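Below: one structure, written as structure tokens.
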Amino acid sequence: MHSSPAHRATAIAAVALLSTCVAVPAGAAGPVSVTVNGSAISLNPPPTTRAGRVFVPLRGVFENLGATVVYSNGQINATGRSHNISLRIGSQQATVDGQQQTVDVAPFIIGASTYVPLRFVSQALGATVNYDGNNNLVAISTGGGNRPAAPNPPPAANNNGNESPVTIGNLLPRRDATIQANRPTIQATFENGTVDPNTVHVAFDGRDVTSRAYISDRGVTYTPPELPAGKHEVRISGKDSAGASFQRGWSFTTGGGSSVTNSITNVSPAAGSTVHNAFTISGHTVPGSTVTIQVGVAQQAATNIGQVVGAILGVGGGNQGVQNTVTADANGNFSSAVNVGAPSGSVLGIVITSTEPNYGVAATPVKLNVRVQ
């Protein structure tokens with residue numbers, strides 16, 4: 001049986017007119033404009049307000065976010081930017097990448113148009129939404145212009161207007177990944193430039209965690225406390241050796257925990273050992289785990305070289321730090337040769353992390369200091 005023209009029109013409009021609610025201050029007046037990555041978009045029908053909120057038709061918005069939308073029997077599914085979102089007319093329960101979440105306004109229908117909360121959907125797709133009350137403007141940003149978001153957001157400029165080419169790679173968890181672990185290893189290596197580790201700041205879910213991260217000129221590692229299920233965001237900023245600024249980030253989703261455990265044992269050299277400039281770090285963990293070994297000259301002299309001094313592994317005297325990533329073998333053994341050209345008597349800080357391969361479960365990092373012979 002063929003559907004009626006009216007029914008088809010309603011279904012098409014439901015797909016075409018997905019919209020948002022963004023809070024509008026009392027007394028705000030005038031038409032509301034919408035931009036995506038700074039470019040104005042034309043919406044038909046135009047935005048409207050209800051009970052202090054603005055609702056905006058979103059076909060053009062979803063297209064600019066690289067998402068597609070399917071509507072069927074009251075079910076709304078949006079897919080794009082490596083994310084999947086499901087909502088239902090009249091329900092505040094939503095699913096984002098398989099995880100249950102709650103929206104502040106349930107999707108509803110006016111005439112032939114279906115409306116959903118833009119802030120929720122856009123952020124679930126990795127975008128941000130801001131409302132400029134002075135100009136009645138809803139601004140949506142993906143961090144990548146009118147194209148799908150780039151692997152790294154645009155670099156920030158320093159006071160001299162210079163932009164750093166530094167990017168981040170070897171991400172754990174992977175960009176846009178969904179993992180079961182609720183306490184994963186978070187790490188990134190710096191690429192395409194030399195970073196001044198003393199300028200680096202790390203933010204996790206909007207909180208500054210720099211003092212709890214391990215930072216060298218080669219990269220960053222951080223193990224958070226137990227996380228709730230849902231989406232999480234990492235932001236790393238700093239300056240390169242030329243003084244140019246950068247700001248990079250990525251997000252991932254945790255899925256509520258796993259019964260799998262992980263640990264790092266039998267580490268060599270032992271804390272407080274004396275080593276040559278070139279030496280091998282080895283140990284044991286879960287077979288197949290991704291093991292990252294970070295080494296740098298300690299920022300300050302150690303009073304007890306069996307303890308890591310400070311969260312930042314500063315690099316002095318022109319010596320480069322080391323950040324090596326290896327995979328534990330079928331027996332769980334790992335090893336990596338390192339060579340830090342540090343002067344005799346220097347104290348090296350070593351941080352070892354391990355992420356098991358199936359669920360992303362992190363071991364408690366091993367942190368120790370050794371002294372160069």
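The values are calculated or read from the model by the stated rules, or taken from the named source; none is laboratory data. What you see is a predicted model; the values in this text were computed from it and never measured. Positions of Cβ are generated from backbone atoms using ideal geometry, with glycine treated the same way; all protein chains shown enter the neighbour counts.
Some notes on this structure:
- In this structure, GLY169 does not qualify as assigned to a loop (DSSP other than H, G, I, E, B), modelled with pLDDT of 70 or more, under 30 Å from ASP196 (Cβ atoms) and not hydrophobic (A, V, I, L, M, F, W, C).
- Filtering the stretch 58-77 to residues that are in contact with a Leu (Cβ under 7 Å, 6 or more places away or on another chain) and modelled with pLDDT of 75 or more leaves only ILE76.
- Filtering the stretch 354-373 to residues that are part of a strand (DSSP E or B) and within 15 Å of LEU172 (Cα to Cα) leaves SER354, THR355, ALA362.
- The lone exception for ALA188 - which of (1) in a strand (DSSP E or B); (2) modelled with pLDDT under 85 it fails: (2)
- Checking GLU226 against (1) in contact (Cβ under 8 Å) with a residue 40 or more places away in the chain; (2) within 18 Å of ALA362 (Cα to Cα); (3) crowded, with 17+ Cβ neighbours inside 10 Å, the condition it does not meet: (3)
- Of all the residues in the stretch 319-348, those that are in contact (Cβ under 8 Å) with a residue 60 or more places away in the chain and not in a loop (DSSP other than H, G, I, E, B) number 6.
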